[in-house]
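Down below is the structure, laid out as structure tokens.
Each value in this text was obtained by applying a stated rule to the coordinates, not by laboratory testing. All figures in this text were calculated on a predicted structure; none of them were measured in a lab. Every residue, glycine among them, receives a Cβ derived from its backbone with ideal geometry; neighbour counts consider all protein chains shown.
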């Protein structure tokens, strides 16, 4: 589904509860600033954040914007919405 994606897909849910296949990195929503080395130096890079339902990822998105990123997206309804749309999660038992 996400083979030709043009964005960095970031799972920010705590505790880890699986992820969308194609996720590039896991960074806890409350540790964004401590993990800048995992993010692109290009502040215009497209970043898509998600969590289980959307709350933690909204906080992460605000943090990224505050840090200067200008192309930040929050996946609406997170992993719950992803599964409701008929897609599955991977690594649920990691």
Antiparallel bridges, percent of DSSP beta bridges restricted to the chain (to nearest 5): 20
Contact order normalised by length for segment 8-90, with contacts defined as Cα pairs under 8 Å and 6 or more residues apart; what percent is it? 33
So what is the 222 nm mean residue ellipticity for the chain from helices alone, if each DSSP H run of at least 4 adds -39500 (n - 2.57) and you divide by all residues, rounding to the nearest 500 deg cm²/dmol? -6000 deg cm²/dmol
In Å, what Kirkwood hydrodynamic radius results for segment 8-90 from the alpha-carbon pair distances? 12.5
What spacing in nm lies between the two simple spin-label points modelled at residue 67 and residue 43, each 7 Å away from Cα in the Cβ direction? 1.3
Order the peptides 43-56, 14-27, 78-91 from the highest to the lowest mean number of other Cβ atoms within 10 Å of their residues. 43-56, 14-27, 78-91
Specify the angular offset, from 0 to 90 degrees and rounded to the nearest 10, of the alpha carbon long axis of helix 55-66 from the longest principal axis of the alpha carbons in the chain. 20
Points 7 angstrom from Cα along the Cβ direction at residue 36 and residue 92: gap in nanometres? 3.8
Estimate the FRET efficiency between residue 26 and residue 84 by the formula 1/(1 + (r/R0)^6), using the beta-carbon distance for r and 22 Å for R0, to the nearest 0.05. 0.50
